[in-house]
Amino acid sequence: MNCPLLKEETRSLLLDYSAGRLGAAEAATLARHMESCDACRAFGLEQTAVWDSLDAWQPGPVSVDFNRRLWQRIDAAAAVPWYRRLLDSFAPARRLPALTLLIALLVLAGGFLLDHKGAEPAASNPVVHGVSMTEVDQLEQTLDDIQLLRQSDPAPPPNGVSRQM
Ligand SMILES: [Zn+2]
């Protein structure tokens, strides 16, 4: 017999042997192998010690009012409102990921606000004679663009310059 510890799929044979779940022929074959294999013999001894400990363990006696106290605690837990249970779900062990998420959201919101500035204050965009400085800048930019197009196009435009703003 090949050593069952050498292959992953045969390692459970030793557990089954220790638990008494193997057939008589298979158990006898494994017992003969364990006489000559130190690793399997040591494994078998450890498993025997575990099973002996489990057999020796005796649960403590249940108190007389165990059921009554258990049902009181279950009823008390069921009587807690849903929002209290939600708050309890943010127990100290769970606060750190929530705090991290909150900080990440604040950083993203700050970046968004810096990137997408709202309307500028009126002081930086004064209105002179009914025309704001922004409109003047746009007009100047458009005229520059038209001048650039004229310089790059050798043929003159057919009916003057058509302005599109
Ligand atoms: Zn072995």
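The values are calculated or read from the model by the stated rules, or taken from the named source; none is laboratory data. Nothing here was measured: the structure is a model prediction, and the numbers come from that model. Please note: Cβ atoms are built from the backbone with ideal geometry, for glycine as well, and neighbour counts cover all protein chains shown.
Odds and ends about this structure:
- Filtered residues of the range 20-38 (kept if more than 11 Å from the ligand (Cβ to nearest atom) and within 19 Å of residue 8 (Cβ to Cβ)): 21, 22, 26
- Qualifying positions in the range 23-37 - surrounded by 11 or more Cβ atoms within 10 Å (Cβ to Cβ) and not in a helix (DSSP H, G or I): 37
- Taken together, the criteria exclude residue 106 from residues that are at pLDDT 90 or above and within 16 Å of the ligand (Cβ to nearest atom).
- For residue 41, the test of being more than 16 Å from the ligand (Cβ to nearest atom), among the charged types (D, E, K, R) and in a helix (DSSP H, G or I) is failed.
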